[in-house]
Every structure is written in C-alpha cells, then in structure tokens.
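The values are calculated or read from the model by the stated rules, or taken from the named source; none is laboratory data. Because the structure is a prediction, the values reported are computed rather than measured. Every residue, glycine among them, receives a Cβ derived from its backbone with ideal geometry; neighbour counts consider all protein chains shown.
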Amino acid sequence: MRLLTISSSHGLTLGVKTDKGIIDVALAKNHLGEEHGIPVTMDELVRGGEAAKSNLDHFISNAIQEENKAGPWFHEESSITIGPSVPSPGKIICVGLNYRRHADETGMAIPEFPILFSKFNNAITGHLQEISLPEDGNQFDYEAELAIVIGKKAENVSREAALSHVFGYTNANDFSCRDLQFRSGQWLLGKSYDTWCPVGPYILTADEIEDPNNLGIRCIVNGDIRQNSNTADMIFACDELISYISKYITLEPGDLILTGTPEGVAMGMESKPWVKPGDEIVVEVEGLGTLSNRVGERKTSTI
C-alpha cells in the first residue's frame, strides 16, 4: 500500500493512494458505516500491527468497489494538503557518514560502527511545507535520505530478522546547518531545528520494496541535481542498522531511522553552494515519490 497523511481542519488522518484517487479513510469509514478496527490515522495503523493493516486492506478493497466513485472519500491528490508521512515518531534516529562516497567527499574515515545521532519531533514536517531558518547559522545544507519506519518492536534482533520489523519506507531530508552542527562535538544543534526533518509524501509498505539496499536516491536543488546515488553505496545496510541499533535502543512501532545521505551535499563541494531562503529542495528515493520543500526566511526573535 501507498499511504499518506491528510492534513485538514479535522486534524491528521490516514489516506491511501489508489488508481481512482486518494481515499480519506476516516471519511470513508463514516459513510460506509464500518465497525471498529479500521485505523483512521497513520499512528493507529503503524502501531496496530498486522491486524490493523489487514483490516485496512480489506476496507480499502470494499471502498474501491463502491459504485459511487464520486463519493466524498475520494480526493484528487492536488486538492488535499499532505501532512508528514510519519506525524509523531517516538524516536528519530539518524545515521551519519553511511555512504562511502559521502565519507570520501567530506575527508572523513569510513566508520567502523554506525555513527548515530538524533532529531526530535519538533523537526518533523511534510511535503510542500516550508523549512524554517533560525536567526544565526549560515551553512544550510540538504541531505536526501531513505527513512525506515519501524512497525514491530525490535529489541536485540538479529540481522536476519531485522527487516521483518519494518512497516515501510519513506523519503526524508536531514536538513542541517553545518556551522551549528560542528559548534560542538554533538551534532544536535545543527540538526533538530523546527521543520528540519521533512518526511513523505508517502509511506510505501515493506512488502512493496524488494530490496531497500538497492534504490536510487537523488536530491535536486532549484532544478539542479546535487545528489544522485544508490542505497547500495551504504556502508551499513538497512538490516544491519536495525540490528545494531536494537542492541542498545529498543525500537518501537512508529520510530524512524534515517539511514544516511550520499555524496553531493553542499559541505562536500568546493564551491559550498549552501541553500538559502527561496530555494526548493526535492528528495526522490526510487518508488517513494517526490518530497519537495521550499526554504523560508529566517525567523526573528519574539518577545
């Protein structure tokens, strides 16, 4: 299934992309009179396990078969506001220097173990939403990434079993400010400002991805292709990351793992083309659609 979050005056509700349009699950449930057990938000679906997914799959089949195709639960994608594909992750765990050629371009050694850091929920935003900038900092950078959405509790899992704990995959932009990032030995300051983790527009469920370790990945800034690589260049593959992290941090449904970015970031270029207000950043991972965000103006202090 190709899933998304619909943002409206009613809050954030679950959407399913079909050939006939976007199904607003909450609206369809109300009109079709379905009983309990149908998830109407992304959180309910991801945290509901296989039962919730099975119920939704059956429900969507019924909704599509309804004769009234102009029913209020079908929307054209252009007519809705898309929210973050994962609106409220319990944890956002990021992996640094996880592409060989990215490590090379930054002049850093290939890591022996995954380099982990975090973002917080305040950084989450969605497709077509504006990326905010703080008053200070100047070296603003993009990072196209494949994000793993955890669907089942993972505690000290083996590499062989790791992918069975994945709900799905989504695009992410690990937006960063390099001068703030390297102000200290901890990277958090330059990584977790408000809106600095756009995710979406879709989650593609794990059964739709044959091999997450072999997907094309690109970042385009103002029409210029800056990053153009493949997840096969990752130093630590998706299954390896899940297994490693779960040995130290129990992963729960809804947690996000941002798996790292390939070469082509502004920091790695001689010209240092930092992004600025008005720039458009597009992230594309093969099969996951297009995540697009505009960079906004700097915020000013408020009393």
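Can we say GLY278 is more than 17 Å from the chain's Cα centre (by Cα) and in a loop (DSSP other than H, G, I, E, B)? Walk me through how you get there before you give the answer.
On the way: more than 17 Å from the chain's Cα centre (by Cα): yes; in a loop (DSSP other than H, G, I, E, B): yes.
Yes.
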- Message: I need the full set of residues from the stretch 84-119 which are under 19 Å from ASN171 (Cβ atoms), in a loop (DSSP other than H, G, I, E, B) and of a type in the set (A, V, I, L, M, F, W, C), in order please.
- Response: VAL86
- Item | Output for the stretch 78-103, where each listed residue is in contact with a helix residue (DSSP H, G or I) (Cβ under 7 Å, 6 or more places away or on another chain) and of a type in the set (Lys, Arg) | ARG100, ARG101
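Out of everything in the stretch 246-267 that is part of a loop (DSSP other than H, G, I, E, B) and out of contact with any Lys or Arg (no Cβ under 8 Å at 6 or more places or on another chain), what residue ends up being surrounded by the most Cβ atoms within 10 Å (Cβ to Cβ)?
Taking the stretch 246-267 as the starting set, the residues that turn out to be part of a loop (DSSP other than H, G, I, E, B) are 247-250, 252-255, 259-265.
Checking which are out of contact with any Lys or Arg (no Cβ under 8 Å at 6 or more places or on another chain) leaves us with 247-248, 259-261.
On the way: LYS247: 13, TYR248: 8, THR259: 28, GLY260: 26, THR261: 30.
The selected residue is THR261.
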- Query: Out of all the residues in the stretch 144-167, is one or more buried (at least 21 other Cβ atoms within 10 Å of the Cβ), farther than 22 Å from ASP211 by Cβ and in the same structural domain as VAL221 (by TED's automatic domain parsing)?
  - Reply: no
- With criteria (1) within 18 Å of ILE115 (Cα to Cα); (2) part of a loop (DSSP other than H, G, I, E, B), ILE242 comes up short on (2)
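If you take the residues in the stretch 43-97 that are hydroxyl-bearing (Ser, Thr, Tyr) and in contact with a strand residue (DSSP E or B) (Cβ under 7 Å, 6 or more places away or on another chain), which one is nearest to PHE113 (Cα to Cα)?
Step one: list which residues in the stretch 43-97 are hydroxyl-bearing (Ser, Thr, Tyr), which gives 54, 61, 78-79, 81, 85, 88.
The next check asks that each one be in contact with a strand residue (DSSP E or B) (Cβ under 7 Å, 6 or more places away or on another chain); those that pass are 81, 85.
Working: THR81: 40, SER85: 29 Å.
Per the stated criteria, the residue is SER85.
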- Message: Tally up the residues in the stretch 252-303 that are closer than 30 Å to GLY168 by Cβ and either at pLDDT below 95 or hydrophobic (A, V, I, L, M, F, W, C) (or both), please.
- Response: 15
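Would you pick out the residues in the stretch 174-195 that are aromatic (Phe, Trp, Tyr) and in contact (Cβ under 8 Å) with a residue 40 or more places away in the chain?
Taking the stretch 174-195 and keeping what is aromatic (Phe, Trp, Tyr), we get 175, 182, 187, 193.
Result: PHE175, TRP187, TYR193.
Return yes or no: is GLU270 surrounded by fewer than 20 Cβ atoms within 10 Å (Cβ to Cβ) and without any contact (Cβ under 8 Å) to a residue 24 or more places away in the chain? Walk me through how you get there before you give the answer.
Working: surrounded by fewer than 20 Cβ atoms within 10 Å (Cβ to Cβ): yes; without any contact (Cβ under 8 Å) to a residue 24 or more places away in the chain: yes.
Criteria met by GLU270.
When you scan the stretch 177-192, how many residues do you find that are under 17 Å from the mean Cα position of the chain (by Cα) and surrounded by fewer than 24 Cβ atoms within 10 Å (Cβ to Cβ)? Write out each step before concluding.
As a first pass, look at the stretch 177-192 and keep what is under 17 Å from the mean Cα position of the chain (by Cα): 191-192.
Right, trim to surrounded by fewer than 24 Cβ atoms within 10 Å (Cβ to Cβ) and you get 192.
So the answer is 1.
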- Which of the residues that make up the stretch 40-83 are surrounded by fewer than 18 Cβ atoms within 10 Å (Cβ to Cβ), hydroxyl-bearing (Ser, Thr, Tyr) and either in a helix (DSSP H, G or I) or touching a Pro at 6+ places or on another chain (Cβ under 9 Å) (or both)? SER54, SER61, SER78, SER79
- Message: What pairs come out if I take residues in the stretch 142-158 that are in contact (Cβ under 8 Å) with a residue 12 or more places away in the chain and pair them with residues that are among the acidic types (Asp, Glu) whose C-beta lies under 6 Å away, six or more apart or interchain?
- Response: GLU143/ASP174; GLU145/ASP174; ILE150/ASP255; LYS153/GLU252
- Task: Go through the stretch 85-110 residue by residue and tally those that are closer than 24 Å to ASN122 by Cβ and hydroxyl-bearing (Ser, Thr, Tyr).
- Result: 2
- Query: Is it the case that HIS36 is at negative phi, assigned to a loop (DSSP other than H, G, I, E, B) and out of contact with any helix residue (DSSP H, G or I) (no Cβ under 7 Å at 6 or more places or on another chain)?
  - Reply: yes
